[in-house]
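All remarks here apply to the structure that follows.
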Amino acid sequence: MTTTRRITSFLAAGLAATLALSACGGGSEDEGGPDAQGRTSIDMWVFAELHGTYYEAMAEQWNEKNPDKEIKLDVTVFPYDEMHNKLQLAVNSGKGLPDVVDIEVNKFSNFVTEDGRTPLAELSDAAEPYQDDIVQARMDLYNREGKQLGYPTHVGAQVAFYNVPLLEKAGVDYKTIETWDDFKAAGAKYNKATGKAFGIASTDTNIMQPLVMAQLGGNLFDEDGNVTVNSPEVVEAVEMLQEMQKAGALSTIPGGSPDIEEAYGPINNGEYAAVVYPAWYTSRFVDYMPDLAGDVAIAPAPVIEGGEVATIGGGGTGTAVIDSSPNKEFAMEWLAFAKLSPEANVAVWEELGFDPVNMSVWEDKEVTHNPENKYNKYFRTNLFDVLNEVKGDIGHFESFADPNLPKVDEVFTTSTYNQIFGDGVPAKQALDQAQADLENQLK
């Protein structure tokens with residue numbers, strides 16, 4: 001066996017409110033280097049069981065290709081909050097750190113201070129063999145001050161998912177939806193014809209809203225890092241979505257987000273006809289909405305005419321190497337293979353249903369159009385046909401890399417979006433309040 005896995009629960013107590021990052025301390029407490037069998041031990045923490053399975057498979061592939069320098073991978077799966085809390089405590093103490101760790105995108109900035117200090121290793125050199133084929137916008141998501149501190153798991157390009165039979169019954173052709181104006185008109189027509197919801201106005205997640213902000217050229221912070229959640233572009237984006245809701249093109253959903261257990265049932269039952277969300281949502285349809293197999297078409301996300309970008313990535317996991325790991329160099333080489341290589345990205349699609357960051361895979365029709373692939377079987381259209389259509393216009397929403405994004409997300413998803421989409425408070429008024437609250441928090 002080259003890999004082992006543990007699933008554990010950790011109760012973080014007395015977590016400091018502010019993370020004091022330390023440049024000292026170690027990862028694995030051994031002296032590093034291969035054992036008597038020539039295997040190098042790597043301790044890895046993840047917060048998703050499926051990710052653990054994936055990394056174990058990539059360890060097996062690595063060992064097949066590199067019998068002279070095998071990896072002995074020990075994966076530990078923690079619950080989401082507990083893993084990130086445990087990582088913070090280990091960083092603070094400088095003890096008990098893993099060699100490699102998955103960090104969710106909204107937590108990533110917690111491990112980099114404003115002056116650039118971090119316990120994470122610089123990964124640019126290890127990425128070099130694959131760099132030309134990688135979607136740069138997703139690498140930028142984990143780049144701080146010119147240092148590549150994490151590797152992405154997927155593009156997460158935002159696309160549209162349409163329930164075709166429902167739309168056809170209402171006389172709506174999803175193929176005519178190219179802009180947000182088209183989306184609004186189609187949604188209003190569908191809502192009037194059926195009395196049911198068309199698209200989803202999320203209150204518990206901040207994913208689709210940044211897509212419209214990015215298309216308008218907006219951001220949540222200015223160039224100096226000051227919060228600007230009531231800038232003209234942000235206000236325009238959210239006002240657009242609120243107008244769509246008033247027209248019947250968007251409705252709130254149980255749980256506040258399409259990617260939550262309470263929402264899967266209503267979507268599966270046909271209570272919503274359109275979902276604009278990252279491409280990794282393919283896995284949610286296949287896993288949680290089996291009744292819609294054969295009904296759902298994937299299409300490009302609606303755009304703003306003359307907009308800055310066609311789409312952006314949403315969500316994500318940045319995988320990092322701890323700089324003080326005694327096996328840092330080996331860990332970086334293996335991780336680049338496990339996250340960026342063509343082999344890894346074929347597995348990202350086939351095993352996880354995510355859109356791969358290595359675009360060379362997008363051109364391999366034996367992989368992308370395999371009729372036996374469970375995702376290809378489920379959907380009416382092919383995800384990679386859509387990805388290739390927007391390939392040159394996938395943008396990076398810079399605010400996703402700001403260290404204060406978690407605070408903005410918290411305000412938006414606990415208050416602001418509920419006010420706007422739940423209570424009907426005018427977008428400008430709610431965003432002005434969010435701006436004042438955040439300025440007070442961030443002083």
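The values are calculated or read from the model by the stated rules, or taken from the named source; none is laboratory data. Nothing here was measured: the structure is a model prediction, and the numbers come from that model. Here the Cβ positions follow ideal geometry from the backbone for every residue, glycine too, while neighbour counts run over all protein chains shown. Just the protein is used for accessible areas: all its heavy atoms, side chains included, with ligands, DNA and RNA removed. Shrake-Rupley method; radii C 1.70, N 1.55, O 1.52, S 1.80 Å.
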Filtered hits (lysines, Cα-Cα < 25 Å from residue 86, offset >= 8 within chain) -> 72, 95, 107, 147, 328, 339, 407
Using a 1.4 Å probe on heavy atoms of the protein chains only, the accessible area for residue 325 in Å², nearest 10, reads 10
For the chain, the accessible surface attributable to carbon and sulfur atoms (probe 1.4 angstrom, ligands and nucleic acids excluded) amounts in percent to 45
For residue 196, the lysines lying under 26 Å Cα to Cα, once residues fewer than eight places off in the same chain are dropped, come out as 169, 175, 184, 246
Restricting to Cα pairs under 8 Å and 6 or more apart, the percent relative contact order of the chain works out to 23
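Among the complete DSSP H segments of the chain, which ones combine at least 15 Å of alpha-carbon extent along their axis with a mean Kyte-Doolittle hydropathy of -1.0 or more?
80-93, 232-247, 328-340, 427-442
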In Å², rounded to a whole number, the accessible area per residue of the chain with probe 1.4 Å is 41
Taking Cα pairs closer than 8 Å and at least 6 residues apart, the relative contact order of the range 323-427 in percent is 11
The alpha-carbon pair-distance distribution computed for the range 229-295, with 10 angstrom bins and whole-percent values, is 18, 44, 27, 10, 1
Surrounding charge for residue 168, neighbours by C-beta under 15 angstrom, Lys/Arg +1, Asp/Glu -1, total +3
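How high is the relative contact order of the range 97-199? Use alpha-carbon pairs under 8 Å, at least six apart in sequence, and give a whole percent.
Details: 63 pairs, mean separation 15.3, N = 103.
Over the range 97-199, the number comes to 15 percent.
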Taking only C-alpha positions in the range 344-443, Rg and Dmax in angstrom work out to 20.0, 55
Percent antiparallel among DSSP beta bridges confined to the chain, rounded to 5, stands at 50
For semi-axes √(5λ) of the Cα gyration tensor in Å the list reads (i) 34, 31, 23; (ii) 53, 38, 18; (iii) 37, 27, 18; the calculated value is entry (iii)
